[in-house]
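Notes to accompany the following structure.
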Amino acid sequence: MPKQSQSVQEALQDAHAHYAAANPKSHAQHISATEFMPGGNTRTVLFSDPFPITLVSAQGCHVESADGARYIDYLGEFTAGLFGHSHPDIKQAVLTALDTGWVRGGHIPQETELASAICRRFPSIERVRFANSGTEANLYAIQTARAVTGKSKVVVFEGGYHGGVFVFSGALSPLTAPFDFIVAPYNDWEGTLVLLDAEKNDIACVIIEAHQGSGGCIPAKRDFLKHIEDWTYEHDCIFILDEVMTSRLAGGGLQETHGLKPDMTTLGKYIGGGFSFGAFGGRADIMERYNPLRPGYLGHAGTFNNNVFTMFAGATAYGKVFTPEVAAELSANGNRLRERLNVIAAKASFPMQFTGLGSMMNVHMCPGQINSIRDLKHANSALRDLFYFDLLEQGIWPARRGMLNLSLPMGEEEFDRLVDAVAYFVEKRKSLQT
Ligand SMILES: *Cc1c(COP(=O)(O)O)cnc(C)c1O
């Protein structure tokens, strides 16, 4: 057990040493990866210092490391792993794709199956098109809005995330897509309205997550969303709801829960059954601009837009496995689990809480209501790092930033394991100087 007077930094150093000793094969793998990839990494969010753990297999809701440790997968591929790693129906769909041949270069029936499943679930999505990632879907949705409105500015929100080139927490990255962005305060309608009104003739679209995922699982208030929807409607501006993560929260996504009717919606993550996926869709009059039978139509290319594996897997996974009933049950399970975790967090000797909606949550080491990333300014990030290492030690695979996501193979046993691991952390670290 740690010394009584240990600081968070000292505890983190111990945790790093323990981690390094427990994961020598991952360390060796990392060293060889650094010869060919910058920092041995090809996806920033998966990097974890001192070095990342290498995963060699996965089954159900478990992942296994090169060092032989087995974890309950609460990272859930940042929500793309909704179905776990080996759902038998998805596996069968992919085997069928293998048997019938891939990279076909033609229309396939499964793309219609998947498109119809999406349009049936989302009344606001009258027509849809596929892409390869959520980033790409958002890029096309924004460009569509700019094309149909003839306006240029794009309103986004502090803490928002719409893909690697659309990150709005903190200073803008030099890699941010070169649009004319207006960054508005999340969950603050008055502050947002000032910015909207100032630029009202030039705004092509407003894009928002109704629950910021990457930003730390922060739900938007319904009134705030409604105000935005009304304003965009009155100002001939496209309201884009990014449901890449949140579509899992109910059969018809978070727009169903809140009674929203966005002009356009973007989708991604789990809908391809675990394969690369993105989609943008919405009002027929907007999307019909892509109809190749129309004079002057908008072209939308993408070698893998109807990737055979994604379409087969998605038609089964989203069209058949993830019914609205399953979605509702998953959200209920997540809500119950988050309540249990918050009971434990409330007893911690330091400020700690879990935010989120349904099957997505994020730990925050700070007190008070969290309405935007501004409320996280004084959160203890070192303590959150320690939480990550302590959970790993307890056989839980969380996101480094403290995000935890449920997947369909999980049941009470896995929920109890997480509750126990969080209780372990709270007890073990109770005397820490924070
Ligand atoms: C993950 C995510 C994206 C980007 O999707 P990729 O497939 O990783 O490009 C966009 N928006 C939100 C809300 C996301 O969570």
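Going through the stretch 361-410 one residue at a time, which ones are touching a residue at least 40 places away in the same chain (Cβ under 8 Å), over 30 Å from VAL326 (Cβ atoms) and of a type in the set (Lys, Arg)?
Of everything in the stretch 361-410, just one residue is touching a residue at least 40 places away in the same chain (Cβ under 8 Å), over 30 Å from VAL326 (Cβ atoms) and of a type in the set (Lys, Arg), namely ARG374.
Pull up the stretch 294-321, narrow it to residues that are surrounded by 17 or more Cβ atoms within 10 Å (Cβ to Cβ) and among the polar types (S, T, N, Q), then point me to the one that is farthest from CYS119 (Cα to Cα).
Among them, the one singled out is ASN307.
Quick check on this structure: which one of TYR140, TYR74 is touching a strand residue (DSSP E or B) at 6+ places or on another chain (Cβ under 9 Å), more than 19 Å from GLY274 (Cα to Cα) and hydroxyl-bearing (Ser, Thr, Tyr)?
Step by step, each of TYR140, TYR74 is checked, and only TYR140 is touching a strand residue (DSSP E or B) at 6+ places or on another chain (Cβ under 9 Å), more than 19 Å from GLY274 (Cα to Cα) and hydroxyl-bearing (Ser, Thr, Tyr).
Yes or no, residue by residue, for (1) within 16 Å of the ligand (Cβ to nearest atom); (2) under 25 Å from the mean Cα position of the chain (by Cα); (3) among the small types (Gly, Ala, Ser); (4) within 19 Å of MET403 (Cα to Cα):
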residue: GLN9; (1), (2), (3), (4): no, no, no, no
residue: TYR19; (1), (2), (3), (4): no, no, no, no
residue: GLN29; (1), (2), (3), (4): no, no, no, no
residue: GLU35; (1), (2), (3), (4): no, no, no, no
residue: VAL45; (1), (2), (3), (4): yes, yes, no, yes
residue: THR79; (1), (2), (3), (4): yes, yes, no, yes
residue: LYS91; (1), (2), (3), (4): no, yes, no, no
residue: VAL94; (1), (2), (3), (4): no, yes, no, no
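Looking at this structure, is LEU391 at pLDDT 95 or above and closer than 30 Å to PHE83 by Cβ?
Judged against the criteria, LEU391 is a match.
Quick check, is TYR140 exposed (fewer than 15 other Cβ atoms within 10 Å of the Cβ), more than 14 Å from the chain's Cα centre (by Cα) and assigned to a helix (DSSP H, G or I)?
No; evaluated as a whole, the condition is false for this residue.
Select, from ILE238, ILE182, ILE218, ILE203, the only residue that is crowded, with 19+ Cβ neighbours inside 10 Å, away from the ligand (no atom under 16 Å from the Cβ) and more than 24 Å from CYS119 (Cβ to Cβ). Outline the logic, then answer.
On the way: ILE238 fails: more than 24 Å from CYS119 (Cβ to Cβ); ILE182 fails: crowded, with 19+ Cβ neighbours inside 10 Å; ILE218 fails: away from the ligand (no atom under 16 Å from the Cβ).
None of the others qualify; the one that does is ILE203.
Wholly within the stretch 319-434, which strands (runs of 3 or more DSSP E) include no fewer than the required count, namely at least 3 residues that are out of contact with any Phe, Trp or Tyr (no Cβ under 9 Å at 6 or more places or on another chain)?
353-357
Exactly one of these conditions fails for CYS61: (1) in the same structural domain as THR266 (by TED's automatic domain parsing); (2) of a type outside the set (S, T, N, Q); (3) more than 25 Å from GLU229 (Cα to Cα); (4) within 23 Å of the chain's Cα centre (by Cα). Give me its number.
(1) is the only condition that CYS61 fails.
Filter the strands (runs of 3 or more DSSP E) completely within the stretch 157-266 down to those with at least 2 residues that are over 14 Å from SER124 (Cβ atoms).
181-184, 203-208
Scan the stretch 119-130 and tell me whether some residue there is within 16 Å of the ligand (Cβ to nearest atom), on the phi > 0 side of the Ramachandran plot and under 19 Å from the mean Cα position of the chain (by Cα).
Looking for residues that are within 16 Å of the ligand (Cβ to nearest atom), on the phi > 0 side of the Ramachandran plot and under 19 Å from the mean Cα position of the chain (by Cα), one finds none in the stretch 119-130, hence no.
Please determine whether any residue of the stretch 50-60 is within 16 Å of the ligand (Cβ to nearest atom) and in contact with a strand residue (DSSP E or B) (Cβ under 8 Å, 6 or more places away or on another chain).
no
The values are calculated or read from the model by the stated rules, or taken from the named source; none is laboratory data. Remember, predicted model here, so these are calculated numbers, not experimental data. Every residue, glycine among them, receives a Cβ derived from its backbone with ideal geometry; neighbour counts consider all protein chains shown.
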